[in-house]
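Colleague: The structure is given below, and queries will be raised subsequently.
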Amino acid sequence: MKLNLKIWRQEDAKTKGEFKNYQLDEVHGDMSFLEMLDVLNNELIENGKEEPIEFDHDCREGICGMCSLQINGEAHGPDRGITTCQLHMRKFKDGDTIVIEPFRANAFPVVKDLAVDRSAFDRIQQAGGFISVNTSGNTQDANSIPIEKENADLAFNAATCIGCGACVAACKNASAMLFTSAKVSQYALLPQGEIEATDRVLNMVAQMDKEGFGNCTNTGACEVECPKGISLENIARLNREYLAASLKG
Amino acid sequence: MGGIKSSIARKVAMALSGLFLVLFLAQHFTINFTSVVSPDTFNEISQFMGTNFLVQAVLQPILIFGVIFHFVMGFILEARNRSARSIGYAKFDGNANSPWVSRNMLISGIVVLAFLGLHFYDFWVHEMQVKYLQGDMSGLNEAGEFRYYEETVAKFAGQPIRVAIYVFSFIFLMLHLLHGFASSFQTMGVNNKYSKGIRTFTKAFAIVIPMGFVFIAIFHYLNNL
Amino acid sequence: MSILDSKIPSGPIADKWTKHKNEINLVNPANKRNIDVIVVGTGLAGASAAATLAELGYNVKTFCFQDSPRRAHSIAAQGGINASKNYQGDGDSDYRLFYDTVKGGDYRSREANVYRLAEVSGNIIDQCVAQGVPFAREYGGLLDNRSFGGVLVSRTFYAKGQTGQQLLLGAYSAMNRQINRGKIQSFTRHEMMDIVKVDGKARGIIARNLVTGEIERHSAHAVVLASGGYGNVFFLSTNAMGSNVTAAWKAHKKGAFFANPCYTQIHPTCIPVSGDLQAKLTLMSESLRNDGRIWVPAKKEDAEAIQAGKLKPTQIKEEDRDYYLERRYPAFGNLVPRDVASRAAKERCDAGFGVNKTGQAVYLDFSSAIERYGKEKAFSSGKKDASKEEIIKLGKEVVESKYGNLFDMYEKITDQNPYETPMMIFPAVHYTMGGLWVDYNLMTTIPGCYATGEANFSDHGANRLGASALMQGLADGYFVLPYTIGDYLSDDIQTGKIPTDSKEFDEAEKEVRDFLDRLMNVKGEKPVDYFHRKLGLIMWNKCGMSRNEKELKEAIEEIAQLREEFYSNVRIPGKAEGRNAELEKAGRVADFLELGELFAKDALDRNESCGGHFREEYQTPEGEALRDDENYRYVSAWEYKGEPKDAVLHKEELIFENIELKTRSYK
């Protein structure tokens, strides 16, 4: 199929960007979206007129969270439960125009073209997204802490967040609540996380605010666009944990 | 203490003030509805509400504060949210992942706010004038009867434009509540086996109450053609 | 005696590690504050090492090319992590895990290292649970296990199909804790370009900032390479696009011996190649082989009809299917080790029985499992006379609960529903057992330069068993390296900070700049991918699942030629300053073009078949691998001498005192 691509080009964080139009003539339905961009890039390199388009990607199997892209107004494109690398071109039709933009949020400055800097997420995690146990191995036996299966499963579901930033990109407020709540929830649901629960949630939310993300207005867009289907329940849990922690001081 | 500076604390404050306004709305509707059923009851309650010290000196300022707080906080949050993405998307398909009402609380809120202006002008300003500037706390008209019912009806009778504005505004109030009421529970961290029931209740409330107000306005209009 | 000293402690195998820990030198806590360690790579091995070293008190700097340490490719491991906990009471023990791993590795690994790995495996699970890793649990709240290829016990701990992710995020959170304490400085979007040696010791690295293009100098008292494997030398593999050999290869060029480069794991259950422009292969977890049955049509005409699209797999009758693994290996059936399963698939496809348009795929069929689970479920829920449809429906639910995410992923990629029609799979490059040679302390032949995880060669011999890579990465990082590195660093307590303005750093930086200039100035015609694809084809066709002398020799020639062509015809657009993905790729491919040649040379040297290395000249009449313990019971450690073809072989004899050398049999 033939496709028209409208792609955001930006030299670096300081330079102003703009859209440029490209055409691809032979795109197959079995190609992934990123393979389509690979083809375009190789054409650009061989033509030698323009530099290839920079975008982030790594594992190409939907787990590392490195790929991003706002495709036709949706984070990771029109399909559900996947990342851009798992989006296949059979989702598009011959002659389609596809608008490709970076994930946009002030907390995610553009690095170049479609690549953005998501280190704000790392800093939120560093503020408290851990359990303070030494990694010396001198811990108690793993089975000495039985955990209710339901909670273990909920904790796992929250922990499957890949930190891709689609929640921020899809949110009209560029809020990072789904991301933050997933980590807070994982530990809140496990007995191991209880001891530091108060400081964790206060510190992580403080860092989240400091990074300049917007507020959650419960539109639910994040949950829909999340490649891992992280539930809004986690945001409710975060709110609850935060209230409890605030009252405790 | 996170204080009111943190995003979540602000949201909770927003939710709490919203819930308070929802309660007020329920109360307001109940009283208004009596105007359809029994003008006398309506008059009595109106007189009570209009002259009771607790209502006037305590609840009324709280209510006014609640309204102002809710919309000021709303604007603060909105401003922060907008500044979180200074370069917008060329294409943003919000309908693909979220309902229109949830993304446009500002619009529905502004319509409701504008309506409140008209509504205050219609009723509250007049009441304040009569009661506190003129000092007439009797609630009686020249004929010596309670004036409330008659004054209320007069606002709608033969006033198709006002009725239309009311209908329009209450549709936006409905949209505002459809998202806001349910959302406030999520913000307060409620998420348990009752959540589904709460959601159903809030949606029903969001439709029934504003439509009830619409019904009252149209009722009085039609009744006096 | 070889110049390689593996430093294996004396004594009975079960006591070696304890004894060693008791005897090595330690650095006291106050002195650790004055010692810097660089860790390159933040996967399981790197992140766990960085966290533990920082916790012990060292000043740690970590480097990763991704935008966050959390994205390292360990995250993609699906199936699980082994540990000899014996929670299932099925007779597991440290010895049995040790035995299975040595046997699975086809007797080409170092006994003492493997025993240590088995010994600390249980600790890993304790550690991970303590730091909040949400492993799968049973209804009683205790940890669940499943079974993996090549073993007869259930010792694999898992978190659905995302075990690697959960373990990596656990290690990443431990790292975050240390970053928060200021003990780790994390450098993301940085690529190590070279290692810097001062007085023969590893004393730092030269790194390129991938955002600004700046060349940076970083010094330390020791350098740990945890940079993963080199499967991407095949271009198409299950590795991440950015996975590369650069860090290990640069160390090799500076004096670290490279061991067993030809030992490659070809994983049997990957989604087959669909087109010429494909950039990457996707793995389907080995856990699928617990319930899926692998088959091809028994009749050639059926296979041909399927290839031509005239026949559907579901139309082939039971008796016309060849469940070749069950036929050839009745004891282990579909759960034979990966190398065996992969070769068997290739054998069938080469013989013309393959499916898919290309004939390069076999079926992985869940219909029997669906029926079996459906019956069990119907029975346990009291529906004694359930209809066939009901049974199938129940069975699908059970299968969904076990493998739902994998099935979804398969459908997204192939547009076929694996609940209704069998999956198609084909082997793909997945893991490299070879890597930098290390001694028992995990130190390479460069003093002060360590290698952990997939980047070293030590524990898996010629073939790695499923769920052992995660175990090794974390064992090295959490429990081995942090102890053994102290022995070396105890000499450095008075050294003081290593200056970066020495002539050694000047030279290393200049070399890096010259190399980048050289790449930028070729200004040829073809993009980097063109060369990478070509290299991949040579590797896959001539150094892949089966190898022979003639083709290996051809491969050596062809790779050398391709390398020349690369340096005369590659086109890298843009500038070396600022972000330039093509330049990053070019640097990596340049190293693959050298490694590929050494790989073939190593495969040519090893005149035997073992594990992932199958030489067509050395097989039994039934087509099974034929090992030559008399002549090849050694680790091949290659010393760099200017060109890959000039590399010098050093042999480390493998001594088996606790396990009798036998022909591996899974029949």
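Colleague: Cα to Cα, under 12 Å, and not fewer than 8 places away if on the same chain: which aspartates and glutamates meet these conditions relative to A:Lys16?
Modeller: A:Asp113
Colleague: Select from chain B the helices, each a whole stretch of DSSP H, whose alpha-carbon atoms run 15 Å or more along the helix axis and whose Kyte-Doolittle mean is at least -0.5; answer none if there are none.
Modeller: B:7-37, B:39-51, B:60-83, B:105-119, B:160-187, B:195-223
Colleague: While we're looking at this one, here's another question. As a test of the definition: which semi-axes, in Å, follow for chain C when you take the square root of five times each eigenvalue of its alpha carbon gyration tensor? Largest first, please.
Modeller: Computed over chain C, the values are 40, 29, 24 Å.
Colleague: Continuing with this model, one more query. Report, in whole Å, the centroid distance computed from the Cα atoms of region C:337-370 and region A:1-47.
Modeller: 36
Colleague: How high is the FRET efficiency between B:Met128 and A:Lys16 when r is their beta carbon distance and R₀ equals 45 Å, given to the nearest 0.05?
Modeller: 0.25
Colleague: Follow-up. By how many nm would the segment from B:Leu116 to B:Thr41 lengthen if fully extended, with 0.36 nm per residue of separation less the alpha-carbon distance?
Modeller: Roughly 24.5 nm would be gained on extension.
Colleague: DSSP loop chymotrypsin sites (Phe, Trp or Tyr not before Pro) in region C:97-191 with at most 10 other Cβ atoms within 10 Å of their Cβ, which ones?
Modeller: Here the sparse-neighbourhood loop sites are C:Tyr139.
Colleague: Please list C:439-450, B:184-195, A:10-21 highest first by mean number of surrounding beta-carbon atoms within 10 Å per residue.
Modeller: Put in order of decreasing packing, that is C:439-450, B:184-195, A:10-21.
Colleague: Using a 10 Å cut-off on Cβ atoms, rank the peptides B:52-58, C:280-286, C:163-169 from the highest mean neighbour count down.
Modeller: C:163-169, C:280-286, B:52-58
Colleague: Measuring from centroid to centroid over Cα atoms, what is the spacing of region B:92-140 and region C:95-133 in Å?
Modeller: The two parts, judged by their Cα centres, are 70 Å apart.
Colleague: Ranked from highest to lowest mean number of other Cβ atoms within 10 Å per residue, what is the order of the peptides A:35-45, B:62-72? Intermediate results must be reported in sequence, preceding the final value.
Modeller: Numbers: A:35-45: 20.4, B:62-72: 15.2.
By packing density, highest mean first, the sequence is A:35-45, B:62-72.
Colleague: Around C:Arg563, under 9 Å between beta carbons, what's the net of Lys plus Arg minus Asp minus Glu among the other residues?
Modeller: -4
Colleague: Separate question: I want to verify the translational diffusion coefficient of region A:3-112 in µm²/s; compute it with Stokes-Einstein, Rh as the Kirkwood radius over Cα pairs, at 25 °C and 0.890 mPa s.
Modeller: Value of D from the Cα-based Kirkwood radius: 170 µm²/s.
Colleague: A further question follows. Between 0 and 90 degrees, rounded to the nearest ten: what's the tilt of helix A:233-248 against the longest Cα principal axis of chain A?
Modeller: Once rounded, one gets 40 degrees.
Colleague: Work through the residues other than A:Ala206 whose Cβ is under 12 Å from its Cβ and net out their charges, Lys, Arg +1 and Asp, Glu -1.
Modeller: Its environment carries a net charge of +1.
Colleague: Turning to a different aspect of this structure: Which lysines, if any, have their Cα less than 21 Å from the Cα of C:Lys503, not counting same-chain residues under 8 positions apart?
Modeller: C:Lys503 reaches C:Lys197, C:Lys201, C:Lys250, C:Lys253, C:Lys254.
Colleague: Counting partner chain Cβ atoms within 10 Å of every residue's Cβ in C:222-231, what's the average?
Modeller: Mean inter-chain Cβ contacts per residue within 10 Å come to 0.
Colleague: Pairs of lysines 8 or more apart, or on different chains, with alpha carbons under 30 Å: count those in region A:146-249, would you?
Modeller: The result is 11.
Colleague: Where the convex hull is taken over the Cα atoms of region B:74-225, what is its projected area averaged over directions, in nm²?
Modeller: Here the figure is 13.7 nm², rounded to one decimal.
Colleague: Right, next: With a cut-off of at most 15 other beta carbons within 10 Å, and DSSP calling the residue loop, which trypsin sites (Lys or Arg not before Pro) in region C:520-590 qualify? Please list them.
Modeller: Details: sites: C:Lys523, C:Arg533, C:Lys534, C:Lys542, C:Arg547, C:Lys550, C:Lys553, C:Arg563, C:Arg571, C:Lys575, C:Arg579, C:Lys585, C:Arg588; in loops: C:Lys523, C:Arg571, C:Lys575, C:Arg579.
Of the trypsin sites (Lys or Arg not before Pro), the ones in loops of region C:520-590 whose Cβ has at most 15 other Cβ atoms within 10 Å are C:Lys523, C:Lys575.
Colleague: Longer than 19 Å from Cα to Cα, which of C:Lys317/C:Lys377; C:Lys280/C:Lys523; C:Lys312/C:Lys357; A:Lys49/C:Lys534 are they? Say none if no pair is.
Modeller: C:Lys317/C:Lys377; C:Lys280/C:Lys523; A:Lys49/C:Lys534
Colleague: How much length is gained on full extension from C:Gln494 to C:Thr18, taking 0.36 nm per residue of separation minus their Cα-Cα distance?
Modeller: So the chain would gain 168.6 nm between C:Gln494 and C:Thr18.
Colleague: Right, another one. What net charge do the residues around B:Val130 carry, taking every other residue with its C-beta under 13 Å from that of B:Val130, with Lys and Arg at +1 and Asp and Glu at -1?
Modeller: -2
Colleague: To the nearest whole number, what is the average tally of beta carbon atoms from other chains within 10 Å of the beta carbons of peptide C:62-75?
Modeller: Values: counts 0, 0, 0, 1, 6, 15, 10, 2, 9, 11, 3, 5, 1, 8.
Taking the mean over all residues of the peptide, I get 5.
Colleague: Within chain C, which complete DSSP H helices have Cα atoms spanning at least 27 Å along the helix axis and a mean Kyte-Doolittle hydropathy of -1.0 or higher?
Modeller: Values: long enough: C:111-130 (29 Å, 0.27); C:388-414 (30 Å, -0.54); C:503-522 (28 Å, -0.97); C:549-569 (29 Å, -1.09); C:581-605 (36 Å, 0.01).
Those that clear 27 Å and a mean of -1.0 are C:111-130, C:388-414, C:503-522, C:581-605.
Colleague: Can you give the helix-only mean residue ellipticity at 222 nm for the protein assembly as shown, where every DSSP H stretch with n ≥ 4 adds -39500 (n - 2.57) and the sum goes over all residues, rounded to the nearest 500 deg cm²/dmol? It would help to have the intermediate numbers written out before the result.
Modeller: On the way: 36 runs with 492 residues, N = 1141.
Helices in the protein assembly as shown give a 222 nm mean residue ellipticity of -14000 deg cm²/dmol.
Colleague: Let me ask something else about it. Which whole number in µm²/s is D for region C:501-629 by Stokes-Einstein, with the Kirkwood Rh taken over Cα pairs at 4 °C and 1.567 mPa s?
Modeller: It diffuses with D of about 78 µm²/s by this estimate.
Colleague: For C:Asp276 and C:Thr663, calculate 0.36 nm times their separation in residues minus their Cα-Cα distance, and state this gained length in nm to one decimal.
Modeller: 135.4 nm
Colleague: A follow-up question, please. Just in region C:398-478: which GluC sites (Glu not before Pro) are loop by DSSP and have at most 12 other Cβ atoms within 10 Å? Show your work: numbers first, answer last.
Modeller: Details: sites: C:Glu400, C:Glu411, C:Glu420, C:Glu454; in loops: C:Glu420.
Within region C:398-478, the qualifying GluC sites (Glu not before Pro) (loop, at most 12 other Cβ atoms within 10 Å) are C:Glu420.
Colleague: Still on this structure, I have one more. What is the distance in Å between the Cα centroid of region A:160-194 and that of region C:586-605?
Modeller: Taking the Cα centre of each part, region A:160-194 and region C:586-605 sit 42 Å apart.
Colleague: Tell me, rounded to the nearest percent, the portion of alpha carbon pairs in the protein assembly as shown spaced more than 58 Å apart.
Modeller: The calculated P(r) of the protein assembly as shown puts 20 percent of pairs beyond 58 Å.
Colleague: Then there's this: Once Lys and Arg get +1 and Asp and Glu get -1 on their Cβ, which of C:Leu277, C:Ser380, C:Asn417 lies farthest toward the positive end of the dipole of region C:269-428?
Modeller: Farthest towards the positive pole: C:Ser380.
Colleague: Let me ask something additional. Which FRET efficiency value, to the nearest 0.05, is calculated for A:Asp25 and C:Glu420 with the Förster distance at 25 angstrom and r the Cβ-Cβ distance?
Modeller: 0.15
Colleague: While we're on this one: May I ask for the percentage of alpha-carbon pairs in region C:100-223 that lie more than 22 Å from each other? Don't skip to the answer; put the middle values down first.
Modeller: Values: 4594 of 7626 pairs.
Tail of P(r) above 22 Å: 60 percent of Cα pairs.
Colleague: Taking a ≥ b ≥ c as the square roots of the Cα gyration tensor eigenvalues, with a/c under 1.5 meaning rounded and otherwise prolate when a/b beats b/c, else oblate, which class fits region C:488-534?
Modeller: Numbers: a/c = 7.19, a/b = 2.49, b/c = 2.89.
Because a/c hits 1.5 or more and a/b fails to exceed b/c, region C:488-534 counts as oblate.
Where a number appears in this text, it was derived from the coordinates with a stated rule and is not lab data. Treat the numbers as computed from the prediction; the structure is a model and nothing was measured. Cβ coordinates were reconstructed from backbone atoms using ideal geometry, including for glycine residues, and neighbour counts include every protein chain displayed.
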